[in-house]
Each structure stands twice: as C-alpha cells, then as structure tokens.
Amino acid sequence: MIKIITKTPQELEYLGKRMAQFLQAGDFFALDGDLGAGKTLFTQGLARGLEVKEDIASPTFTIIHEYESGRLPLYHMDVYRLKQPEELYDLGYEEYFYGQGVTVVEWAQIIEPLLPDTYLGIELAVVPEGREMRFHPHGARYEKMLEELTGCDYSKYR
C-alpha cells in the first residue's frame, strides 16, 4: 500500500489529473471513504486529465454518469444508495466495468463481490493535514501505474 497526503482540495484534484495521463481503456478505480473525504473531487481531477468537457458531479441519485467528451469515456458511479450488489445487474454494469472507458466507482465496498479481478482501490480519509489516500493495487497494471505516479518501486510496499 502506498499512502499520499494532499494538503488542499486543489492538490487532491491535481493528483487525479496527473493520474489520468496513465489511463487506458478498461481501467477501473474503486473509491471508498467517508462523506466529504474527496472521492468526487479526485474523480473531477481524473476527468480534467482525460479532457472531459462537462462538469463532474456526484451521481448519488442517478447511480451513474457517463462522460464521452474526453480522450477516453469516463463512467462515474456512486453506489451508496444500493442495498445489495445485485442491483447493478439491471444497469448492465458489465458494459461499464469491462468496456472501453475508465470506470470510477464511489463506495465500492458495497459492491465488492462484483469488482473486477484487477483494479486500483483507493481509500480516502480526512486527516488533520488534509486528505489521506491509500492506494491498493490489484494487478500488475496498477502497481506499474503507482510506480509511474510516485517514482517508487512498488515492490517495497507489498
């Protein structure tokens, strides 16, 4: 696990924007953290880095927002209101999880049984210094992404 602390909301958004340079079709982010921890702000940064033209808002009441205007499609999901993971079946979640875009799921622990085999898990928390992000890569692709982002050999953190 790699931990990064951002001191301001702008730093958190910038981190998302910076990560976007490494993204490719099929990438998946599973975000978890309390209300106000920065999940949507991080996603806004990813969207800016993908050159999405629309404003990014939390899809809490619609469950999913699709953004097609960037260099890759961005699928932003908020599953907070789901009572059980199986509710995603009606949305055709496989098209998003295994499609040609980048998928970001907020409150991902709710749908843990449906998560892909490979993804980047990110826990966000408010700490006195700002926002703490803990990265949990599931698969070599995401280990490599973290190495490129931080300049560190991820094997030191296993």
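The values are calculated or read from the model by the stated rules, or taken from the named source; none is laboratory data. Bear in mind that the values here come from a model prediction, so they are computed numbers and not experimental data. For neighbour counting, all protein chains shown are included, and Cβ atoms are generated from backbone atoms with ideal geometry for every residue, glycine included. These area figures cover heavy atoms from the full protein model, side chains too; ligands, DNA and RNA do not enter into them. Shrake-Rupley method; radii C 1.70, N 1.55, O 1.52, S 1.80 Å.
Selection of region 87-141 for residues being among the basic types (Lys, Arg) and in a helix (DSSP H, G or I) yields only ARG141. What is the one condition in (1) closer than 25 Å to ILE4 by Cβ; (2) exposed (fewer than 13 other Cβ atoms within 10 Å of the Cβ); (3) at pLDDT below 95; (4) of a type in the set (Asp, Glu) that ASP117 does not satisfy? The one condition ASP117 does not meet is (3). Just need a number here: residues in region 58-86 that are open to solvent by less than 20 Å² (accessible area, probe 1.4 Å) and part of a strand (DSSP E or B). Result for region 58-86: 5. Only a single item in (1) open to solvent by less than 30 Å² (accessible area, probe 1.4 Å); (2) over 20 Å from ILE4 (Cβ atoms) is not met by TYR96, and it is number (1). Could you grab me the full set of residues in region 13-57 that are touching a strand residue (DSSP E or B) at 6+ places or on another chain (Cβ under 7 Å), hydrophobic (A, V, I, L, M, F, W, C), open to solvent by 10 Å² or more (accessible area, probe 1.4 Å) and not in a loop (DSSP other than H, G, I, E, B)? Result: LEU15, single match.
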